[in-house]
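Structure record follows, encoded as structure tokens.
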Amino acid sequence: MVNENRLVQRFIQLVQIDSVSGEEKELAEFLKSEFALRGLTAVEDRAGLVLGRQAGNLLVKIPGNKNKPGLLFAAHMDTVEPGRGVKAIKEDDVIRSSGDTILGSDDKAAIAILLEACDILIGSNIDHPPIEMLFTISEEQGLLGIKQFDLGSIEARMGYVLDAGGPPGTIVIQAPCQNEIEYIVHGKSAHAGMNPEDGINAIQLAAMAVSNMPCGRLDTSTTCNLGLIEGGIARNIVPDWCRIKGE
Ligand SMILES: [Zn+2]
């Protein structure tokens, strides 16, 4: 059973550990020691070293006592600014910050839940599959931590990322994403009147490439647009470059 008081106290404890993006060390160390108290190891990867951050991603594996496919749960350790010196204030059933910082429930509510789940599993004989818990760094800066994480170290083939709004029970199964396209076509410059045969026109090459690219609505969930083009330096010079940007 969920111990509500324990969960609330732990949430308050977590939000009061500063962990703005790039400065997750104190929280990472806290989680390592919390899992160690439960006989579990939080393995830190090299993402912090690669990114020049204080700490890396943490992966905890809880052995299953049931022969079922494993499950992954993920949350991020970092918060946005202003997230230093957070003071949690609990009034009735609401926990808020003191007003001059964020609270950091994104994503410490998830971390508190995962620690509570861990305690429930350890303190009971509930059958459960192998469970992996992943705590990432610098999510708020563009998923920097998870991009450095070795996904091959995860055994579960199914997982939940606890990091979304909406009523309890809401599961988000897909979200829009955008990829930016920028390509530069290189040619060779020459004087357009004196020796055009020595040049390679990058704008013409780019036009040939663009005319072969599908644009607009590609299928029910994908669109493509080329929205910017620039190139060349003068009307009488064969352009040796052309840049096209789209999404
Ligand atoms: Zn989040």
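Where a number appears in this text, it was derived from the coordinates with a stated rule and is not lab data. Just so you know, these numbers come straight off a predicted model, no measurement behind them. All Cβ positions, glycine included, derive from the backbone under ideal geometry; neighbour counts span all protein chains shown.
Residues considered: Pro82, Pro196, Pro176. Largest GNM mean-square fluctuation over the chain, using C-alpha springs under 10 Å, is found at Pro196. Computed from phi, the 3J(HN,Hα) profile of region 231-247 under the Karplus parametrisation 6.51, -1.76, 1.60 (θ = phi - 60°) reads x, x, 10, 7, 5, 9, 10, 5, x, 9, 8, 8, 10, 10, 10, x, 8 Hz, with x in place of Gly and Pro. Close amide H pairs (under 5 Å, H built 1.01 Å from N) link Asn57 with Asp45, Ala47, Gly48, Ile137, residues at least 5 positions away or on another chain. The relative contact order of the chain, computed from alpha carbon pairs under 8 Å that lie at least 6 residues apart in sequence, is 19 percent.
Footprinting exposure proxy ranking of His76, His128, His186, fewest other C-beta atoms within 10 angstrom first, gives His186, His128, His76. Just checking the listed ones, Leu31, Leu151, Leu115: in the Gaussian network model of the chain with Cα springs under 10 Å, the one fluctuating most is Leu151. Taking amide H as placed 1.01 Å from N in the peptide plane, Gly64 has its amide H under 5 Å from the amide H of Ile131, each at least 5 places away in sequence or on another chain.
Summing charges over all other residues whose Cβ lies under 14 Å from the Cβ of Cys177, with Lys and Arg as +1 and Asp and Glu as -1, gives -1. Using the alpha carbons alone, the radius of gyration of region 1-105 stands to its Kirkwood radius in an Rg to Rh ratio of 1.01. Note on the chain: GNM, Cα springs under 10 Å; of Lys188, Lys147, Lys25, the largest mean-square fluctuation is that of Lys188. Basic side chains Lys and Arg get +1 at the Cβ, acidic Asp and Glu get -1 at the Cβ, and with that the dipole of region 74-139 about its Cα centre reaches some 220 debye. Straight Cα distances below 22 angstrom link Lys25 to the lysines Lys61, Lys87, Lys108, Lys147, with same-chain residues fewer than 8 positions distant left out. For the chain, the Kirkwood estimate of the hydrodynamic radius, built from every pair of different alpha carbons, is 21.8 Å.
With contacts defined as alpha carbon pairs under 8 Å and 6 or more residues apart, what's the relative contact order of region 177-247 in percent? RCO, region 177-247: 45 percent. Our summary of shape: the Cα atoms of region 139-247 have principal axis extents of 71, 31, 23 Å, ordered from largest down, in whole angstrom.
Distant-in-sequence amide contacts of Ala190, defined by a placed amide H-H separation under 5 Å and a gap of 5 or more residues or a different chain, comprise Val238. Dipole of region 4-161 computed with +1 at Lys/Arg Cβ and -1 at Asp/Glu Cβ about the Cα centre; of Asn67, Val86, Ala28, farthest Cα towards the positive end is Asn67. Each stretch of four or more DSSP H residues adds -39500 (n - 2.57); spread over every residue of the chain, this sum gives -7500 deg cm²/dmol at 222 nm.
With a cut-off of 12 Å between beta carbons, the residues surrounding Leu40 carry a summed charge of 0, where Lys and Arg count +1 and Asp and Glu -1. Here the 3J(HN,Hα) profile of region 202-211, calculated from phi with Karplus coefficients 6.51, -1.76 and 1.60 at θ = phi - 60°, is 5, 5, 5, 4, 5, 4, 5, 5, 4, 5 Hz, Gly and Pro shown as x. In order along region 141-154, the Karplus-derived 3J(HN,Hα) couplings, from 6.51 cos²θ - 1.76 cosθ + 1.60 at θ = phi - 60°, round to 9, x, 6, 4, x, 5, 5, 9, 7, 7, 5, x, 7, 9 Hz, and Gly and Pro are given as x. Relative to one another, the C-alpha centroids of region 126-143 and region 201-236 are positioned 40 Å apart. Can you tell me the 0 to 90 degree angle between the C-alpha axis of helix 105-122 and the longest principal axis of the chain, rounded to 10? It works out to around 50 degrees. As I understand it, the value is the acute angle between the Cα axis of helix 25-37 and the longest principal axis of the Cα atoms of the chain; what does it come to in degrees, rounded to 10? The two axes meet at around 40 degrees. Among the aspartates and glutamates, select those whose C-alpha is under 12 Å from the C-alpha of Lys245, and discard any that sit fewer than 8 residues away in the same chain. The reachable aspartates and glutamates, counting only those whose Cα sits under 12 Å from Lys245, are Glu180, Glu182, Glu230.
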